[in-house]
There are 4 protein chains.
Amino acid sequence: MTLMEFSIIPLDKGISLSEYVARVLTIIDASGLEYRLNPMGTVVEGEWDELLGLLTRCFKELEKDSERINVQVKFDYRKGAAGAIKNKVQSVQEKAGRRFKI
Amino acid sequence: MTLMEFSIIPLDKGISLSEYVARVLTIIDASGLEYRLNPMGTVVEGEWDELLGLLTRCFKELEKDSERINVQVKFDYRKGAAGAIKNKVQSVQEKAGRRFKI
Amino acid sequence: MTLMEFSIIPLDKGISLSEYVARVLTIIDASGLEYRLNPMGTVVEGEWDELLGLLTRCFKELEKDSERINVQVKFDYRKGAAGAIKNKVQSVQEKAGRRFKI
Amino acid sequence: MTLMEFSIIPLDKGISLSEYVARVLTIIDASGLEYRLNPMGTVVEGEWDELLGLLTRCFKELEKDSERINVQVKFDYRKGAAGAIKNKVQSVQEKAGRRFKI
């Protein structure tokens, strides 16, 4: 199972980008994959091919009306690790013996 | 005001890294800066120099007992935008007219 | 046309990773796409689907014998911009009116 | 010794960014640190504090006339490894027993 965090920024739309993030999030939410939105990107959990398929749909949505787009992606693959989207944060809190802001 | 998202990965500690993330989060939490932990990194809000100071303290903590460390950082600077750690997610939800998983 | 820069790091192989980078580069070179290796990753130029296909082949090569893999990718899409792998560096030097180290 | 790769993108300047990259590169070149420009960013070698000092000077140069700036940075710290900017690429080629495009 793989976690993918990504953000997609059109460079020809000025500095207010929440409309474009909203279009991307609507696609992510419709995918049925487990995800979490944070202030700098979105983390999605799935199999590699599912994640690249989702990334492609999000990119193609913004490509429709953008001349230049910057995409930043990180993947964390761990063999056999389902549920990582919840377990990673939990595991950090257990190791620290306390809760952090999530 | 600037948002910084970062993750620090020691490469000589095998695949279970939550102990190292916990050490970093303890430093972030003690900084007094607003932050959110997510499954792929931590987002912190502050002034540029505060953020680099925090990044340095986190790096130096792991440098004590690691031979090789990978650090990934993204900054989103927006002139005069305080409260971005909450407002960015809210703004995306308003633009979409719905709530997403956070 | 899109530029993709990426690096793939197995986390269960210790701190000497050039053997794994070499396996990835052999796949990149065989793709026939234009690319440049740098000390922190590899930049490849192609169409979106070609690039994701290549990324997948590289990931699956290391997935064969790694338990945990970190992948970092950036895309720079620019409508209609072929030859960007050479032109971007050239354009920076022209704007500065001088040469930089490449 | 640490390698830092970074790119700085102002979001309020449209899609032609080479002028801004040129301003950043002029600062990097003047630092005296070893560096290489590639089509997606610049790799610099130095001590942690030198690198963060350089990153700050580059950021503050663009902050003068930008409302919103995106910065992407990766660090690769390796204890005692001087000359990594050349040695990493060389080491990959040795492991592969051939040359790649650099």
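Side notes on the structure shown:
- Note on segment B:1-66 and segment D:33-51: Cα centroid distance 22 Å, given to the nearest whole angstrom.
- Label-point spacing for residue A:12 across the identical copies (point 7 Å from Cα in the Cβ direction), in nm and ascending order: 2.1, 4.5, 4.8.
- Acute angle (nearest 10 degrees) that the helix B:48-63 long axis makes with the longest principal axis of chain B, alpha-carbon atoms: 30 degrees
- Close Lys-Lys pairs in chain C, where close means Cα under 25 Å and separation is 8 or more or interchain: 14
- Three semi-axes of the equivalent ellipsoid, segment A:53-102, Cα gyration tensor, whole Å, largest first: 34, 14, 8
- Per-residue ellipticity at 222 nm, computed for the protein assembly as shown from helices alone with -39500 (n - 2.57) per DSSP H run of at least four residues, works out to -13500 deg cm²/dmol.
- At R0 = 25 Å, FRET efficiency that the Cβ-Cβ distance of residue A:50 and residue D:15 yields, to 0.05: 0.20
- Across the identical copies, the label point of residue C:60 (7 Å from Cα in the Cβ direction) is separated from its matches by 2.0, 4.7, 5.0 nm, in order from shortest.
- Placing a pseudo-label 7 Å from each Cα along the Cα-to-Cβ vector at residue B:90 and residue C:57 gives an inter-label distance of 4.9 nm.
- Relative to the longest principal axis of the Cα atoms of chain C, helix C:18-30 runs at roughly 60 degrees.
- Charge tally around residue C:77: other residues with Cβ under 15 Å, Lys/Arg +1 each, Asp/Glu -1 each, net -2.
- With label points defined 7 Å past Cα in the direction of Cβ, position residue C:82 shows copy-to-copy spacings of 4.7, 4.7, 5.3 nm, given to one decimal and shortest first.
- Rounded D (µm²/s) - segment C:27-82, Kirkwood Rh over Cα pairs, Stokes-Einstein at 4 °C, 1.567 mPa s: 103 µm²/s
- For chain D, a Kirkwood hydrodynamic radius built from all Cα pairs, placed in the Stokes-Einstein relation at 4 °C and 1.567 mPa s, yields a translational diffusion coefficient of 88 µm²/s.
- Equivalent ellipsoid dimensions for the protein assembly as shown as semi-axes, Å, which come from the Cα gyration tensor, largest first: 27, 25, 24
Laboratory data are not the source of any read-out in this text; all were calculated from the coordinates shown. The model shown is predicted, which means the values in this text are computed figures rather than measured ones. Here the Cβ is made from the backbone with ideal geometry for all residues, glycine too, and neighbour counts use every protein chain on show.
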